[in-house]
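The values are calculated or read from the model by the stated rules, or taken from the named source; none is laboratory data. In this text, all values refer to a predicted model and were calculated from it rather than measured experimentally. We place every Cβ from the backbone using ideal geometry, glycine too, and count neighbours over all the protein chains shown. We work out accessible area using only protein heavy atoms, side chains counted, and drop any ligands, DNA or RNA first. Shrake-Rupley method; radii C 1.70, N 1.55, O 1.52, S 1.80 Å.
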Amino acid sequence: MTRSANAAGSSQVGTGIILMLLSVILSPLIDIFSKLAVETVSAGQITAGRFVVQAACMLPFVVARRRHLTLFTRQTFYHAIRGGLIAISMISFVTTLKYMAVADAIAIFFVEPIFLTILSSIFLKETIGWRRYTACAIGFGGALLIIQPSFQEVGAVAILPVITALVIAIYAMMTRALSKREDPWIMQFQTAIWGLAIVVVMLFMARDSGNDILTTIMPEGKSLLYMAGVGAMAALAGILGVYAYRAAPAATLAPLQYFEIVSATAVAWWVFGDFPDALKWAGIAIIMASGFYIIWRERRLNSRPVSDVPQASAAP
């Protein structure tokens, strides 16, 4: 009986690993489609399109889970904040992609687990020792190796992935707190609905401002397909991530999220011909090494990883 249970557990963990790998392979396609779309459509409009498609994809699952529909009205204020955070992060990151290579932007964004570690120490009162704080500092140093040449190339836009990472860390912290008492499908659906509402208000208020980040046009042809691709890939990667975290422990899956940097580099090289230089690869390696150390240290101390939130570190 014990042997059968162990085999079943191992099988579930294996399934979780496969699902997470699929999720991080698909996640860069969100950014690829965004970069293709942002050539003709504003970052705000791409974000709104993502939320429309994502909510439409999630709706059948929400309806099917009728026993959880009563949860829809709970914690609405906090879901509205989460929707606003994810909207801001998406607009910031898509704006970044208009000017920066996909792999560079994603690599800088992966300082998010570092922000999450620090914020969890401050606000969730989690015990973080000097070793993990040192790893955080080293990880920031790696990010600077990528930001510095990018800053020379594109200016202050190179800071946007850092802002995105900070916003997503706050979002992940709220998600972690809410996930203890709410259904994850309802949470994701509410995030999309509130995010859409907030972006629509932003687009309406900026309609005559001439702000190219929030310009509204009628997308046509390929642009419309690219926007649909952003939403579809976001929904699919998110669903795969949810099921991955149900099948395997977060501590097992968290290191696999860094594979997104590799898959993003490969896809961006194939589509755009972009490939990081030696200095940026050094920064990427440092960020990944610091992230792996933080995860390893958490596992060794048997503490719940600060990244124990489905898709907490996925690029927006």
**OP:** Return the distance in nm (one decimal) between the two label points of a simple spin-label model at Ile17 and Glu220, each offset 7 Å from Cα along Cα→Cβ.
**Re:** 5.0
**OP:** Compute the length gained on full extension between Val201 and Gln152: take 0.36 nm times their separation in residues and subtract their Cα-Cα distance, giving the result in nm to one decimal.
**Re:** 14.2 nm
**OP:** Please give the length that would be gained between Leu144 and Ala282 if that part of the chain were fully extended, namely 0.36 nm times their separation in residues minus their C-alpha to C-alpha distance (nm, one decimal).
**Re:** 48.6 nm
Original post:
How much solvent-accessible surface does Phe204 expose, in Å² to the nearest 10, with a 1.4 Å probe and all protein chains in place?
Top reply: 130
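Suppose R0 equals 30 Å; then what is the FRET efficiency for Trp130 and Ile81 from their Cβ-Cβ distance, rounded to the nearest 0.05?
Details: r = 32 Å, r/R0 = 1.07.
Rounded to the nearest 0.05, the efficiency is 0.40.
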**OP:** Please work out how much length the chain gains when fully extended from Trp270 to Asp208, using 0.36 nm per residue of separation minus the C-alpha to C-alpha distance, in nm with one decimal.
**Re:** 18.5 nm
